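**Q** Quick one: this structure, given as structure tokens, is what I'll be asking you about.
The values are calculated or read from the model by the stated rules, or taken from the named source; none is laboratory data. What you are looking at is a predicted structure, and each value in this text was computed from that prediction instead of being measured. Note that we place each Cβ from the backbone using ideal geometry, even for glycine, and neighbour counts take in every protein chain shown.
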Amino acid sequence: MSEAPLVHVVDDDDSLRTALLRLLGAAGYEARGYASAGDFLLQPLPDRPGCLLLDLNMPGGPSGLELQAALRRQGVALPVVFLTGYGDVASSVRALQTGAVDFLSKPVEGETLLKALQRALSRDARARQARAQAAELTARFASLSSRERQVFDRVVMGSLNKLIAFELAISERTVKALRAQVMHKLGAHSVADLGRLAERLRQLAKDG
């Protein structure tokens, strides 16, 4: 059973933060409150589904945008919903361009806020699924022997078994056996599947 999502609420307004936590609790969410960006950064971030409800302007410390930037530098892919009473067009555009899910102005209706948080949690779920699939593919590829990788590279380039056998100085029968092992280990059912996996591996290597 997957772990329930956690909503992190960062707002320097104590009464509003308390009200938000109460609203989220009533809606069935587990939520934690933080009085500043610094307080949030000092706490260990659990590896579980979730999102961040973040005030834009917090005097006396890092702003919401600065916290968002700090998390991105740390590689923390936590979806952000901004909530502010002092928003402007430039800030909202910047927030959305740097990955925020939504930018809401105070006061905000509960239903509007909950819908924005649900979009953020859905984005987080998709991102986690993509990371899990990438990790599985990387592990599968790492399980290939050096000879299997040589065959894999040539198959995705379109080489026929006879040519692969000649280039690797092995029998065509051995090539067929290695090719079958590659297909099995990578969970592929066709050469087209191998081509798509090869492209995905190249993209992962580029992103990494």
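**Q** Pairs under 7 Å by beta carbon, first residue free of Cβ contacts under 8 Å to residues at least 24 places away in the same chain in the stretch 125-146, partner surrounded by 15 or more Cβ atoms within 10 Å (Cβ to Cβ) and in a helix (DSSP H, G or I), six or more apart or different chains?
**A** Within 7 Å, no pair qualifies.
**Q** Say we look at the stretch 138-187 and pick out the residues that are aromatic (Phe, Trp, Tyr) and under 17 Å from ALA205 (Cβ atoms); which of these is nearest to the chain's Cα centre (by Cα)? Steps first, answer last, please.
**A** Applying the first criterion (aromatic (Phe, Trp, Tyr)) to the stretch 138-187 yields 141, 152, 166.
If we keep only those that are under 17 Å from ALA205 (Cβ atoms) too, we end up with 141, 152.
Details: PHE141: 21, PHE152: 28 Å.
It comes out as PHE141.
**Q** Here is a check on your reading of the model: is ALA132 modelled with pLDDT of 85 or more and either closer than 15 Å to GLN68 by Cβ or within 13 Å of the chain's Cα centre (by Cα) (or both)?
**A** Values: modelled with pLDDT of 85 or more: yes; either closer than 15 Å to GLN68 by Cβ or within 13 Å of the chain's Cα centre (by Cα) (or both): yes.
Taking the combined requirement at face value, the residue satisfies it.
**Q** Pull up the stretch 105-129, narrow it to residues that are under 21 Å from the mean Cα position of the chain (by Cα) and of a type in the set (Gly, Ala, Ser), then point me to the one that is farthest from ARG22 (Cα to Cα).
**A** ALA127
**Q** While we're here: Restricting attention to the stretch 7-23, which residues are buried (at least 18 other Cβ atoms within 10 Å of the Cβ) and not in a helix (DSSP H, G or I)?
**A** Correct list: VAL7, HIS8, VAL9, VAL10, ASP11.
**Q** Could you tell me whether any residue of the stretch 119-127 is crowded, with 17+ Cβ neighbours inside 10 Å, in a helix (DSSP H, G or I) and among the aliphatic types (A, V, I, L, M)?
**A** yes
**Q** Out of the residues in the stretch 85-111 that are outside any loop (DSSP other than H, G, I, E, B) and more than 23 Å from ALA127 (Cβ to Cβ), state the one that is modelled with the lowest pLDDT. Show your work before the answer.
**A** Initial filter on the stretch 85-111 (outside any loop (DSSP other than H, G, I, E, B)): 89-97, 102-105, 110-111.
Checking which are more than 23 Å from ALA127 (Cβ to Cβ) leaves us with 89-91, 105, 110-111.
Values: VAL89: 69, ALA90: 74, SER91: 77, SER105: 84, GLY110: 90, GLU111: 92.
Top of the filtered list is VAL89.
**Q** Hey, another quick one. State which residue pairs qualify: first residue within 15 Å of ARG94 (Cβ to Cβ) and inside the stretch 55-70, second residue of a type in the set (Phe, Trp, Tyr) and at pLDDT below 85 in any location, beta carbons under 9 Å apart, and separation of 6 or more residues or different chains.
**A** Within 9 Å, the pairs are LEU56/TYR86; ASN57/TYR86.
**Q** Under 9 Å between Cβ atoms, at least 6 apart or on separate chains: pull out the pairs that start in the stretch 190-208 with a residue that is closer than 10 Å to VAL156 by Cβ and end on any residue that is surrounded by 15 or more Cβ atoms within 10 Å (Cβ to Cβ) and small (Gly, Ala, Ser).
**A** Partner pairs satisfying both residue conditions: LEU194/ALA188; ARG196/ALA188; LEU197/ALA188.
**Q** Out of the residues in the stretch 86-104 that are in contact (Cβ under 8 Å) with a residue 12 or more places away in the chain and loosely packed, with under 14 Cβ neighbours inside 10 Å, state the one that is nearest to the chain's Cα centre (by Cα).
**A** THR98
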